[in-house]
Amino acid sequence: MGMLRKAALGMLVAILLAVVVGWNMSRFISSTAKIREKDIDFLPPPVVAELLCLGHRNTLAKLRWIDSFAYFEYQLDRKDDNVVGGGKAGGFERLYDTLITLDPHFQSFYEHAALNTGGLLGHQGVALSFQMRGISEMPTSSQMWRNAAAILRTEYHWQEQLPEAFGQFLSTWRRFIPEDSDQISIWLINVGRHFSSISQRMSYWLEQLHMTKAGSPAGDFVEGQLRDEYAKMGCETLQILVNAYRIAHGAPAPRLKDLWLDYDLIDPFSPFGATIGDALPVRLDDVLEPRLLRKRLTRELQANGPIIAVDGRLRLRTDPFGLPWRLVADRVVSTGLERRHYQAALGKANVALLNLARSRGSWPASLAEARSLGLAIPEPPEGGSLSLAGEALEVTWQTQPGQPWSLR
């Protein structure tokens, strides 16, 4: 009798369980999936929200944030967050303005605000404003700086159109978070290439020089860039003197600009009486004539240019790399800068050589064979000897550099 009662009780429990499960499942048999929609038309402004939270600001902000995820799903399809009485501010902007006011040190609020306003709705100005607001509250957050820099570069093209302002932004980031210097240097390297004038680029790289350590990879790179700019400025300065020398010795001015600068050097009794070849200096030192320098030799030029005073006399020093300036035909060349450009071109040729060897399964035995296979190998400038050393193209120089300019 007892066994029968237990069996009947077990069957009853099983039947009740089946009924409960079936009843719960019946709602899903003929139903269709639907995203839960939610609007935030009645979201209180920050001032009212502060009064309603009764001191539980952080807790209320996070609960309201979690509850807003359904609104995010709603906007995935709608992509229009205009709300009743919202004015120019949309639903996301009002939402995160309230949440950040309640808990200004929760980083995810700023990141999600930028994601929703910028990534979802395309309102990049609003997204950037939230990132900058986050930086003002948490200036030591690398992620906040990185997100803002990404918006400025990709959406507003500051790197190409406003390189100086973008460089200042990155420098400010580095001052607040020195440990981010390595990754910031990568951004800064690209910024420096977009300045249009030599003076702008030099000013930029000088600022970066003070931000790096001597002997570090970033420091070596910045020094190399600064030497490039000094070399370009030196070539420009010496070229103007060479052109003035030509005018002073009876040859035509090569440019209208040179004629305007040095018209007073023309001999009125024998204007343009010499050929260009006869009027060129034999050596670059020949251009250090007082009448040519009187307009141009400033303190800045003596400190940062190719002309220095030694024992009371003007001398032409080496280029910033410790190598001589040269006069090729009527053009001034920095030997060090010329070698730098060639080394960059040789690096590309070595990459092409590696790809060629991979495709053939073997390395060329000589330069002639490499060229016969279609490899473009640039010829070295004056004083360079090119060779194929095993698996790489190498260049050796007859003239070794002396002491480069001191930059620090």
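Tabulated results
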| read-out | value |
| --- | --- |
| Matching residues in region 358-382 - criterion: being more than 15 Å from V395 (Cα to Cα) and surrounded by 15 or more Cβ atoms within 10 Å (Cβ to Cβ) | W363, P364, A370, L375 |
| Top-ranked residue of region 134-160 - restricted to ones that are farther than 22 Å from L102 by Cβ, assigned to a helix (DSSP H, G or I) and among the hydroxyl-bearing types (S, T, Y), ranked as modelled with the highest pLDDT | S142 |
| Criterion: at pLDDT 70 or above, surrounded by fewer than 17 Cβ atoms within 10 Å (Cβ to Cβ) and among the β-branched types (V, I, T) - qualifying residue of V287, V282 | V282 |
| Residue that is under 21 Å from P404 (Cβ atoms) and either modelled with pLDDT under 70 or of a type in the set (S, T, Y) (or both), where the choices are Y245, Y230, Y263 | Y230 |
| Any hit, region 198-210, residues being at pLDDT 75 or above, in contact with a Phe, Trp or Tyr (Cβ under 8 Å, 6 or more places away or on another chain) and under 24 Å from A165 (Cβ atoms) | no |
| Total residues in region 367-407, condition outside any helix (DSSP H, G or I) and touching a strand residue (DSSP E or B) at 6+ places or on another chain (Cβ under 6 Å) | 10 |
| Test set (1) modelled with pLDDT of 85 or more; (2) surrounded by 15 or more Cβ atoms within 10 Å (Cβ to Cβ) - V351 fails condition number | (2) |
| Which numbered condition Q400 fails, given (1) farther than 19 Å from R227 by Cα; (2) at pLDDT 90 or above | (1) |
| Residue that is nearest to the chain's Cα centre (by Cα), among those in region 332-388 that are of a type in the set (D, E) and under 27 Å from P404 (Cα atoms) | E338 |
| Test result for R326, in contact (Cβ under 8 Å) with a residue 24 or more places away in the chain and outside the structural domain of L284 (by TED's automatic domain parsing) | yes |
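Residue-wise test of (1) more than 30 Å from D180 (Cα to Cα); (2) modelled with pLDDT of 80 or more; (3) under 42 Å from the mean Cα position of the chain (by Cα).
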{"site": "F221", "(1), (2), (3)": "no, yes, yes"}
{"site": "Q225", "(1), (2), (3)": "no, yes, yes"}
{"site": "L238", "(1), (2), (3)": "yes, yes, yes"}
{"site": "P252", "(1), (2), (3)": "yes, no, no"}
{"site": "P306", "(1), (2), (3)": "yes, yes, yes"}
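The values are calculated or read from the model by the stated rules, or taken from the named source; none is laboratory data. This structure is a prediction, so every number in the text was calculated from the model and none was measured. When we count neighbours, we look across all protein chains shown, and the Cβ atoms used for this are built from the backbone with ideal geometry, even at glycine.
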